[in-house]
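The values are calculated or read from the model by the stated rules, or taken from the named source; none is laboratory data. Because the structure is predicted, anything quoted here is derived from the model rather than measured. Cβ placement follows ideal geometry from the backbone for every residue including glycine, while neighbour counts extend to all protein chains displayed. We work out accessible area using only protein heavy atoms, side chains counted, and drop any ligands, DNA or RNA first. Shrake-Rupley method; radii C 1.70, N 1.55, O 1.52, S 1.80 Å.
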Amino acid sequence: MKPPPFSYHRGRTVEHAAELLRELGPSARLLAGGQSLLPMLNLRLAEPAHLVDLGSAPGLDAIRRDGDLLVVGATARQAAVENSADVRSLVPLLAEAVEHVAHPPIRHRGTVVGSIAHASAVAELPCAALALDAQLTLLSADGVRTVGAEDFFTGAFTTSARADEIVAQVAFPVTGPGTGQAWSEFSLRRGNFPVAGAGVSITVADGEIVDVAIAICGVSDRPVRARAAEAALLGSRPDPETVAAAAAASVAELTPRGAGDLAAHILPVVAAPVPAWGYRASVAKSQVRRAVTTALTRAGGVR
Amino acid sequence: MTATHEPATGVDEIDTDPAALHPITITVNGTTHRLAVEGRRLLVDVLRQDLRLTGTHTGCDQGVCGVCTVRLDGATVRSCITLAVQADGADVRTIEGVAPDTRTLHPVQQAFWEKQGLQCGFCTPGMVLRVQEILEQNPCPTRAQVREGISSNLCRCTGYQFIVDAAVEAAERMAEGS
Ligand SMILES: Cc1cc2nc3c(=O)[nH]c(=O)nc-3n(C[C@H](O)[C@H](O)[C@H](O)COP(=O)(O)OP(=O)(O)OC[C@H]3O[C@@H](n4cnc5c(N)ncnc54)[C@H](O)[C@@H]3O)c2cc1C
Ligand code: FES
Ligand code: FES
């Protein structure tokens with residue numbers, strides 16, 4: 001199908017786009033790369049009355065270091081982030097996760113920030129943002145506020161951003177010495193959304209884990225932090241048994257979800273099979289084990 | 001004269017008519033077109049219906065299959081999930097712009113022909129454009145790298161082996177030619 005009718009507005013700047021969203025009201029939607037929104041429009045899963053296009057607003061596509069943060073602007077394409085040497089060296093988890101998003105022709109247009117704002121429970125980038133404790137800058141006609149990733153994701157495709165707020169940028173903490181990061185996922189076909197995936201950042205000092213963050217996708221209505229797994233690892237001198245125990249703990253506290261609940265996250269591939277929760281949970285455990293093991297190796301802390 | 005008191009708005013007058021036409025300029029295969037399109041007009045429909053360039057196909061309309069692939073400022077994109085207004089100012093290449101002239105095929109097209117890289121041909125325009133991009137980025141790919149690269153495009157005839165053969169053959173020809 002084709003998109004339903006909407007009125008189209010080009011944001012000349014991010015502030016202008018925010019003013020347009022305010023004026024047009026809650027039936028307006030922001031358009032970034034369109035790689036989630038356009039399939040939804042074509043499938044008539046969304047029928048916004050107005051679209052506000054952020055695509056040509058200047059100065060928003062930056063990928064730059066700002067002190068201890070790597071800042072990704074709202075219109076920075078996934079392909080640009082993937083190919084950035086800065087991202088690879090400063091936030092390796094983001095670089096590794098973005099490679100798993102869809103296929104190159106989609107990453108040529110899709111934005112990193114748009115994927116995070118879209119907040120799919122199975123998507124790589126919201127999960128990576130959660131593991132990295134990313135900070136989101138929300139801009140509206142009222143001004144600017146900053147929200148941490150954990151407070152940003154509030155449910156299926158739902159965030160703490162109001163309809164008239166734009167995620168102007170996302171800031172990721174830069175890794176330091178002794179930190180290893182890894183993304184691991186399993187998907188049924190190359191380029192599909194994962195059944196489940198895990199993003200891990202671990203800091204090792206003198207053979208002991210002094211900092212650890214683990215986020216998983218595919219097992220809830222949003223990406224979740226695996227707090228019990230983190231607790232099992234923190235302060236330990238990691239060996240394969242500890243890692244396996246942490247992986248087992250990573251899904252133990254989650255509530256099983258019905259298939260209908262998970263089906264909503266398979267978009268835009270409507271006909272794709274929807275793996276059941278038990279399968280997703282077991283895949284999630286393996287991905288946690290793999291990502292933790294790789295992150296430890298990269299941190300130089302595994303024997 | 002009566003003073004009119006407009007409510008103070010931060011933006012200029014907003015036209016909320018969905019049928020409003022937006023002027024765009026796109027260069028397709030070297031020819032510049034000035035068009036007026038509705039906001040919801042897809043790039044693939046501008047190419048196929050307005051410009052009559054029906055080599056770009058349309059299949060799933062949701063970004064999954066890749067038959068609508070075109071190159072936008074050099075990069076492959078799905079024209080079914082790209083609005084025409086988003087392509088304003090862009091340089092677009094379609095399959096019609098791949099061959100150097102009407103009598104000569106591009107080496108990638110020639111290799112598809114010789115290696116039977118097409119059966120029904122429905123996926124072929126997208127496959128050729130994607131293979132062209134893959135070879136530009138990596139002039140000497142392994143079969144596995146080609147397979148990975150074309151995983152963005154579906155072939156309903158499932159002729160993937162021959163498409164990979166064609167890509168490898170094209171890489172060899174282009175290496176000889178350069
Ligand atoms: C075939 C296919 C396969 C895909 N596979 C994957 C995959 O494996 N993993 C994955 O993660 N994604 C996948 N995607 C989705 C893709 O990554 C999208 O690019 C991404 O989800 C959305 O980014 P966008 O810039 O295209 O946003 P858009 O589609 O333009 O916007 C998506 C939503 O976010 C809102 N939004 C966008 N930017 C902002 C902002 N700055 N502030 C506030 N709201 C905003 C929009 O209003 C809209 O509601 C796939 C897409 C396709 C078509
Ligand atoms: S028609 Fe565009 S990807 Fe299928
Ligand atoms: S040749 Fe028929 S779809 Fe590929």
Send over the Kirkwood Rh of the stretch A:179-299, from the inverse of the averaged 1/r over different Cα pairs, rounded to one decimal Å. 14.5
Counting only C-alpha contacts under 8 Å and six or more residues apart, can you give the relative contact order of the stretch A:7-53 as a whole percent? 55
Crossing angle, helix B:160-177 versus chain B [Cα axis fit, 0-90 degrees, rounded to tens]: 80
For B:78-87, mean number of other protein chain Cβ atoms within 10 Å: 6
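May I ask you to work out the translational diffusion coefficient for the stretch A:63-173 at 20 °C, viscosity 1.002 mPa s, via Stokes-Einstein with Rh from the Kirkwood sum over Cα pairs, reported in whole µm²/s? All intermediate terms of the calculation are to be shown ahead of the outcome.
Numbers: Rh = 13.8 Å.
This corresponds to a translational diffusion coefficient of 156 µm²/s.
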Take B:A19 and A:D211, extend 7 Å from each Cα along the Cα→Cβ direction, and tell me the distance between the two endpoints in nm. 5.9
Average beta carbon contacts from partner chains per residue of B:129-138, 10 Å cutoff: 1
May I ask for the equivalent-ellipsoid semi-axes of the stretch A:197-243, computed as the square root of five times each C-alpha gyration tensor eigenvalue and listed largest first in whole Å? 22, 10, 8
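Normalised by the empirical 2.2 N^0.38 Å for globular proteins, what value does the Cα Rg of the stretch A:7-53 take? Walk me through the numbers before you get to the answer.
Numbers: Rg = 10.5 Å, N = 47, 2.2 N^0.38 = 9.5 Å.
In units of the globular-protein estimate, the stretch A:7-53 measures up at 1.10.
About the Cα centre, and with charges only on the beta carbon of Lys, Arg (+1) and Asp, Glu (-1), how big is the dipole of the stretch B:107-176? Nearest 20 debye, please. Before the final figure, lay out the partial values.
Numbers: 6 positive and 8 negative charges, 54 e Å.
Around 260 debye, computed over the stretch B:107-176.
Using the reciprocal of the averaged 1/r over all distinct C-alpha pairs, how large is the Kirkwood radius of chain A in Å?
19.5
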A:S27 and A:R88 label points (each 7 Å along its Cα→Cβ direction) are spaced in nm at 4.8
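Percent relative contact order of chain B, based on C-alpha pairs within less than 8 angstrom and at least six residues apart? List each step's numbers first, then the result.
Details: 289 pairs, mean separation 35.5, N = 178.
Computed value for chain B: 20 percent relative contact order.
Restricting to DSSP H runs of at least four residues, report the calculated mean residue ellipticity at 222 nm for chain A, -39500 (n - 2.57) per run over all residues, nearest 500 deg cm²/dmol. Intermediate results must be reported in sequence, preceding the final value.
Working: 13 runs with 103 residues, N = 303.
The helix-only estimate for chain A comes to -9000 deg cm²/dmol at 222 nm.
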At 24 Å minimum axial length over the Cα atoms and a Kyte-Doolittle cut of -0.5, report the qualifying DSSP H helices in chain A, or say none. A:277-299
Could you work out what % of the accessible surface of the protein assembly as shown is carbon and sulfur, using a 1.4 angstrom probe and leaving DNA, RNA and ligands out of the count? 51
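So how strong a dipole does the stretch A:1-134 carry about its Cα centre when Lys and Arg Cβ are +1 and Asp and Glu Cβ are -1, to the nearest 20 debye? Don't skip to the end; give the middle numbers.
Numbers: 12 positive and 14 negative charges, 100 e Å.
Roughly 480 debye for the stretch A:1-134.
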Cα lying deepest toward the dipole's positive end in the stretch A:92-229, options A:A168, A:V200, A:V101, charges on Cβ: A:V101
A:E253 to A:L43: FRET efficiency via 1/(1 + (r/R0)^6), r the Cβ-Cβ distance, R0 30 Å, to the nearest 0.05? 0.30
First measure r as the distance between the Cβ atoms of B:C157 and B:D50, then evaluate 1/(1 + (r/R0)^6) with R0 = 30 Å and state the FRET efficiency to the nearest 0.05. 0.55
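I'd like the mean, over residues of A:233-243, of how many other protein chain beta carbons sit within 10 Å of each residue's own Cβ. Walk me through the numbers on the way to the answer.
On the way: counts 0, 0, 0, 0, 0, 0, 0, 0, 0, 0, 0.
The per-residue average across the peptide is 0.
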D for the stretch B:107-176, whole µm²/s, Stokes-Einstein with Kirkwood Rh over alpha-carbon pairs at 10 °C and 1.306 mPa s: what number? 139
CD proxy at 222 nm, helix term only [per DSSP H run n ≥ 4: -39500 (n - 2.57); per residue of chain B; nearest 500]: -8000 deg cm²/dmol
Taking r as the C-beta separation of B:N138 and A:T242 and R0 as 41 Å, the FRET efficiency to the nearest 0.05 is 0.50
Please work out the Cα center distance from the stretch A:137-211 to the stretch B:64-131, rounded to the nearest Å. 35
Taking Rh as the Kirkwood radius computed over C-alpha pairs, what is the Stokes-Einstein D of the stretch B:53-177 at 25 °C in a medium of viscosity 0.890 mPa s, expressed in µm² per second? 169
How long is the stretch B:21-97 along each principal axis, judged by its Cα atoms, biggest number first, in Å? 29, 25, 21
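Relative contact order (percent) for chain A, with alpha-carbon contacts under 8 angstrom and 6 or more residues of separation?
Details: 704 pairs, mean separation 48.9, N = 303.
Reported relative contact order: 16 percent.
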